[in-house]
Amino acid sequence: MTDGLKKAWAEVVQPLLRRPPECQVAALCCRDGEDGLEVLLITSRDTGRWIIPKGWLMDDKSAAEAAQIEAWEEAGVQDADMLPQPIGTYSYDKRLDDGYENPVEVQVFRLNVSQMADIYPEARERRRVWVSPEEAAEKVDEPGLKTLLRNL
């Protein structure tokens, strides 16, 4: 493919094929640690990169409730006080099975965690770690999430 065709594909055709952003919800799980505020990171199942628990909206659940369910399933957050309004959003491109990337906007809800479980649905599929917000910002890839973490 010539450079002109590549440029036309990337700048004209691909944007026309992009879907509108889909919405996900995420749980920014926090606790008071020995050295101050800590946040919970987990690994993604596919690449093993560091993320926060997140997932799709659920029928008959508010966005905040869906975020809390994701925190349980993906990270074992058993008991937490949840703020009902999102503390912010970030965007990323989710790679689909067909190779395309789909834009996703993530609403982030803060959970103040008081109890964690050792046995939870995705315990064998993910690792989890509590770190300072600054260290978490260094570990995650998404620029908007980095900003949210640094603003804690």
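Per-residue 3J(HN,Hα) values for segment 86-103, derived from phi via the Karplus relation 6.51 cos²θ - 1.76 cosθ + 1.60 with θ = phi - 60°, read x, 8, x, 9, 8, 10, 7, 9, 8, 6, 8, 4, 7, x, 6, 10, 10, x Hz in sequence order (x marks Gly and Pro).
Once C-alpha pairs closer than 8 Å and six or more residues apart are averaged by separation and normalised to the residue number of the chain, the relative contact order reads 29 percent.
Using R0 = 41 Å, the C-beta based FRET efficiency linking Asp3 and Ser44 works out to 0.75. Residue separation of Ala117 and Gln78 scaled by 0.36 nm, minus their Cα-Cα distance, works out to 13.5 nm of gained length. When the GluC sites (Glu not before Pro) in segment 40-78 are filtered for DSSP coil states and for at most 16 other beta-carbon atoms within 10 Å of their beta-carbon, no site remains.
Per residue of the chain, the DSSP helices (runs of n ≥ 4 H) give a summed -39500 (n - 2.57) that works out to -6500 deg cm²/dmol at 222 nm.
Name the longest site-free stretch of the chain, where the excluded sites are trypsin sites (Lys or Arg not before Pro) in a DSSP loop with no more than 15 other beta-carbon atoms within 10 Å. Counting only loop sites that pass the neighbour cut-off, the longest clear stretch is 62-123. Quick check for you: which residues of segment 47-67 have the amide N under 14 Å from the point 7 Å beyond the Cα of Asn102 toward its beta carbon? Only 55-58 pass the distance filter. Extension gain for the segment Lys61 to Asp141, taken as residue separation times 0.36 nm less the Cα-Cα distance, is 26.0 nm to one decimal.
Amide H to amide H, with H built 1.01 Å from N, Ala80 comes under 5 Å of Ser114, counting only residues 5 or more places away or on other chains. Helix 63-75 and the long axis of the chain differ in direction by around 80°, with both axes built from C-alpha atoms. Report the antiparallel proportion of the DSSP beta bridges in segment 39-152 as a percent, rounded to a multiple of 5. Taking every DSSP beta bridge within segment 39-152, about 95 percent pair in antiparallel fashion.
Here, each number is a calculation from the coordinates, and none is a lab measurement. On a predicted model such as this, the values are computed, not experimentally measured, just so you know. As a convention, Cβ positions derive from the backbone with ideal geometry for all residues, glycine included, and neighbour counts pool all protein chains shown.
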